[in-house]
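The values are calculated or read from the model by the stated rules, or taken from the named source; none is laboratory data. Please read all numbers here as calculations on a predicted model, not as lab measurements. FYI the Cβ positions are ideal-geometry reconstructions off the backbone, even for glycines, and counts take in every protein chain you see. Heavy atoms of the whole protein, side chains included, go into the accessibility calculation; ligands, DNA and RNA do not. Shrake-Rupley method; radii C 1.70, N 1.55, O 1.52, S 1.80 Å.
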Amino acid sequence: MVLETKKVDEELLEELSKVESIGSKRRMVAYRAGTVVLRSMVEDLLDMGFEWMLPVMLSRTTDPLWPDPGASIEYRPELEIYGARVRTMQSMIVHKRVLVSLGPSKFFIISPNIRIEKRERGRSGWHLYEFTQLETEIAHATMKDVFRVYERLVTSAIRAVKTELAQELREIGRELRDFGTPFEVLSRRDLERKYGAEWERVLPLQIREPVWVTDIPREFYDYEDFGSGIWHNYDLFLPEGYGEVLSGAEREYEYEKMLAKIKRDGLRVEDYEVLLKLAKEGKLKPSAGAGLGVERFTAYVVGARHVAEVQPFPRVPGFISPL
Ligand code: ASP
Ligand code: MG
């Protein structure tokens, strides 16, 4: 939400930091909308045959969040427990890849993440240092399969909110539109040609419906076609100046390729030894999946001025609130 018109001002940050504003009208509608969104999405996923798995939060390994053009991590927390170093979860991507290969072939996880974003991101209106992803992973799936899953989740959650919370939306002055499906698919290369390096900021101001953007160079676990240089990954962008609400990909599963990419990115090979071992033994299944930012989606639904408005205890980068 890096919109000129929605610039996050000091007054809003001040309001968000006050314990007393937990129960304000806008915040109460946001919690109710969050409830309807989660219920709708979970019901759809169960209906589609997904297994419901619970998250982990401390692990020897997590998403490196590197290299990623969208990432700006200031610090990667590590702590020692039982004599071992563990990290706080940045995303469950490594765990999802192992689980989809050895366990259920189709599952979702409501997964809390800690990402210590640079403090200036507190004013973007779109970043949090603790947030929750609705993660999925599907064995042997393609990106189109994942597109269809999240198009259904997004459109039916919006329908549910509009039906069940019509009065509340009116009270806070939110006009929520229904979206048509399938969503349009655009390529990052075309967007760069059209809007330049700033495409991620400009795109959400130009669109009226959500769009998929594919082929974004980033972490080793997303599938990259070494022949064409095209990445089989994607982000979902929301309109009205909001922006990226989901990241996902078809995944790498070949040992040599994964190892080459981990080294290319300057990562520690030992952090990914479970993935690499499975890949070497031919047990790492091809899969595709994604994670949707639950707070971001809910913020869009209620027309929030800052994504932290949907959190009872706001996690705004750079600001530690009393609770
Ligand atoms: N959840 C994402 C994925 O499935 C990774 C991320 O958190 O950026 O690829
Ligand atoms: Mg990512």
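Can you figure out the FRET efficiency of Val56 with Glu281, using R₀ = 25 Å and their beta-carbon distance, to the nearest 0.05?
Working: r = 23 Å, r/R0 = 0.92.
According to the calculation, E is roughly 0.60.
Compute the projected area of the convex hull of the Cα atoms of the range 138-286, averaged over all viewing directions, and report it in nm² to one decimal place.
On the way: hull surface 44.1 nm².
Result: 11.0 nm².
Among Ala157, Leu203, Gln167, which residue has its Cα positioned farthest towards the positive end of the charge dipole of the range 147-221, with +1 placed on the Cβ of Lys and Arg, -1 on the Cβ of Asp and Glu, and the dipole taken about the Cα centre?
Farthest towards the positive end: Leu203.
So, with a 1.4 angstrom probe, what is the percent of accessible area on the range 183-323 that is carbon and sulfur? Could you put the intermediate results ahead of the total?
Working: 3010 of 5740 Å².
So the carbon and sulfur contribution to the accessible surface is 52 percent.
Taking only the alpha carbons of the range 28-184, what extent do you get along each of the three principal axes, in Å, biggest first?
Computed over the range 28-184, the largest-to-smallest principal extents equal 54, 39, 30 Å.
Report, by chain and number, residues whose modeled amide H sits under 5 Å from the one on Glu117, excluding near sequence neighbours (fewer than 5 apart, same chain).
Placed amide hydrogens put Glu74 under 5 Å from Glu117.
Suppose a student asked you for the relative contact order of the range 50-171, using Cα pairs under 8 Å spaced at least 6 residues apart; what percent would you report? Can you show the working numbers first?
On the way: 156 pairs, mean separation 30.0, N = 122.
Over the range 50-171, the number comes to 25 percent.
Placing +1 on the Cβ of each Lys and Arg and -1 on the Cβ of each Asp and Glu in the range 24-174, which of Ile109, Ile138, Ala71 has its Cα farthest towards the positive end of the resulting dipole?
So the residue we want is Ala71.
Fully extended, how many nm does the chain gain between Ile172 and Lys118 (0.36 nm per residue separation, minus their Cα-Cα distance)? It would help to have the intermediate numbers written out before the result.
Values: separation 54, 0.36 × 54 = 19.44 nm, distance 3.11 nm.
Here the segment from Ile172 to Lys118 would lengthen by 16.3 nm.
Could you give the angle, 0 to 90 degrees to the nearest 10, between helix 25-47's Cα long axis and the longest principal axis of the Cα atoms of the chain?
Here the helix axis deviates by roughly 40 degrees.
Just to be sure I understand: if I project the alpha-carbon convex hull of the range 100-215 onto a plane and average over all orientations, what area do I get in nm²?
Details: hull surface 39.9 nm².
In nm², the orientation-averaged hull projection of the range 100-215 is 10.0.
Test of understanding: what is the full-extension gain from Glu273 to Ile230, defined as 0.36 nm times their sequence separation minus their Cα-Cα distance?
The Glu273-Ile230 span can extend by a further 12.9 nm.
Non-local amide H neighbours of Glu244 (under 5 Å, H modeled in plane, Pro and chain starts lacking H): which ones?
Under 5 Å from the amide H of Glu244: Leu238.
Just how far, in whole angstrom, is the range 146-224 from the range 77-132 if you go by their alpha carbon centroids?
Using only Cα atoms, the two centres lie 22 Å from each other.
Can you run phi through the Karplus equation (6.51, -1.76, 1.60; θ = phi - 60°) for the range 110-123 and list ³J(HN,Hα) in whole Hz, with x for Gly and Pro?
Karplus-based 3J(HN,Hα) across the range 110-123 equals 8, 10, x, 10, 10, 9, 7, 5, 4, 4, 5, 5, x, 8 Hz.
What are the residues whose amide H is under 5 Å from the amide H of Leu186, where those residues sit 5 or more places off or on another chain and H is modelled from the backbone?
Trp212, Val213, Thr214
What are the ³J(HN,Hα) values, in whole Hz, obtained from phi via the Karplus relation 6.51 cos²θ - 1.76 cosθ + 1.60 with θ = phi - 60°, for each residue of the range 213-223 in sequence order, with x given for Gly and Pro?
Values, residue by residue: 10, 10, 6, 10, x, 7, 4, 4, 7, 7, 6 Hz.
Taking θ = phi - 60°, what integer Hz values does the Karplus form 6.51 cos²θ - 1.76 cosθ + 1.60 yield along the range 80-85, in sequence order, with x for Gly and Pro?
Those phi angles translate into 9, 9, 6, x, 10, 7 Hz.
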